[in-house]
Amino acid sequence: MTPWNSPAVRPLTFCDQPLRLLCALVFTFIATVAANAQPAATTDTHASGTTWLVGPERTLKTPSDAAKLAKAGDTIEIDADIYLNDYVEWRQQDLTIRGVGGMAHLQSTGLIPNGKAIWIISGNNTVVENVEFSGARVVDANGAGIRHEEGALTLRNTYFHHNEFSVLTGPDPEGSLDIRSSRFYFQRREGTFSHGIYVGGLGRFTITGSHFKGTDRGHQIKSRAFENHIQYNRIEDIKGGNSSRLIDLPNCGLSFVIGNDMQQAKTSENVDAIGYGAEGCDDRSTQQHRLFVVNNTFVNEALHGTLVKDHVHGDVLVANNLVFGGGYFLRGSGVQKNNVLMDLRWRQSGSWAPPPGSVAIDTAQALPDEEGFSLVPVSEFKPPLGAVERTPYNALDIGSHEAAKSVTTGSQDHVTRLP
């Protein structure tokens, strides 16, 4: 019997002579299209997922194109560019979504059709990095750059500006939000207040090395999380700013506020920099009634007011903080010790460290660990973003930064050490 593939019986194909050259060109074209349309190959798709490439010059033009194809464990790489009015709900687990070659800017110019956010994230273990969000608005004025509905979400080097809200999270006690080296500028809602970030009842909220400014009428950071770690950030008003509290923890939570640069304008709408328990903490445990405010620098241009206002007789420690300006370190129950209050005029321009001659130099008091966490600051905010290692010249200074050198001579009549 003659085999099927024998020349005598095999049907003529497109690539038989004399069409072989044309065939080669067609196959080359198809391969080129496929290379742009298909994700970059990985060595083990099941182990590490697939990488999808997005950009104006690629077959997948927008993040929403990639969202239709991505599976759990995949990576989406978005070329740096502006993506107008592209709205996505990410439901997949274990996604990494990153801008490459710079920031991928998700810009909204009208009301968001889904009524929530530019991106809605409900998949667990999602990482977003190098992505910018702006212009988020919805009909009920609760539009966000990201609506985090559940699970664990990590944000690295993200930038939120000119939204109604930057990030809004749902009340997921098993969920978490971890933010590193990100910016939150000028969130504003028409006719009412906004917050720089609004964290619902998550199990844990962590923010480090990030910068807040220009929040309109609301709190720069508001968190209802059961546990909060707010460390080595810069949280400030702008000149003539009208934000409310710098940090608001309305339902308490086990909270550590360590090593932050904080500034309150004289035009602030609330002269309490940190509020604790203002909306009640009856559903929180004894452990979740504990607040530690340690080694922060507070520039209080309002001249009066309070660094920490405890509304619920919580277990509060306020220690090793440096305040330029006036007011109280703590109102309500708790312990305050080894804090330094200094006239605003003695602050060196743009500095968050003690000035030469201050008793705040080399005099931070050693504090024991609490709830398994160290109260010793190991980093300090490094503009424009991020945190760097904090290295004492001798002993640790009071406040959020080390002085340029340890100077202990000179007049100290302008310094008040409070108990």
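The values are calculated or read from the model by the stated rules, or taken from the named source; none is laboratory data. Because the structure is predicted, anything quoted here is derived from the model rather than measured. Backbone-built Cβ (ideal geometry, glycine too); neighbour counts: all protein chains shown.
A few notes on this one:
- Those residues of the stretch 49-76 which are of a type in the set (G, A, S), out of contact with any Leu (no Cβ under 6 Å at 6 or more places or on another chain) and surrounded by 15 or more Cβ atoms within 10 Å (Cβ to Cβ), in sequence order: G49, G55, S64, A67, A70, G73
- Scope the stretch 379-394; condition touching a residue at least 60 places away in the same chain (Cβ under 8 Å) and either on the phi > 0 side of the Ramachandran plot or part of a loop (DSSP other than H, G, I, E, B) (or both); matching residues: K382, P383, P384, L385, G386, R390
- Residue among G102, G115, G123 that is farther than 22 Å from F212 by Cβ, modelled with pLDDT of 95 or more, part of a loop (DSSP other than H, G, I, E, B) and out of contact with any Gly (no Cβ under 7 Å at 6 or more places or on another chain): G115
- Check on N36, modelled with pLDDT under 95 and surrounded by 12 or more Cβ atoms within 10 Å (Cβ to Cβ): yes
- Note on the stretch 77-127: among residues that are under 21 Å from A141 (Cα atoms) and among the β-branched types (V, I, T), the one that is surrounded by the most Cβ atoms within 10 Å (Cβ to Cβ) is I118.
- Among (1) among the charged types (D, E, K, R); (2) surrounded by 14 or more Cβ atoms within 10 Å (Cβ to Cβ); (3) not in a loop (DSSP other than H, G, I, E, B) - the single one R345 does not satisfy: (2)
- Segments classed as strands (runs of 3 or more DSSP E), wholly inside the stretch 167-218, with at least 1 members that are acidic (D, E) and in contact (Cβ under 8 Å) with a residue 24 or more places away in the chain: 176-180
- Selection over the stretch 223-249 of residues that are out of contact with any Gly (no Cβ under 7 Å at 6 or more places or on another chain), surrounded by fewer than 21 Cβ atoms within 10 Å (Cβ to Cβ) and farther than 20 Å from K382 by Cβ gives a count of 3.
- Some residue of the stretch 271-288 being under 16 Å from the mean Cα position of the chain (by Cα) and either in a loop (DSSP other than H, G, I, E, B) or on the phi > 0 side of the Ramachandran plot (or both): no
- Of the residues in the stretch 87-102, at least one is within 17 Å of N124 (Cβ to Cβ), touching a helix residue (DSSP H, G or I) at 6+ places or on another chain (Cβ under 8 Å) and among the acidic types (D, E).
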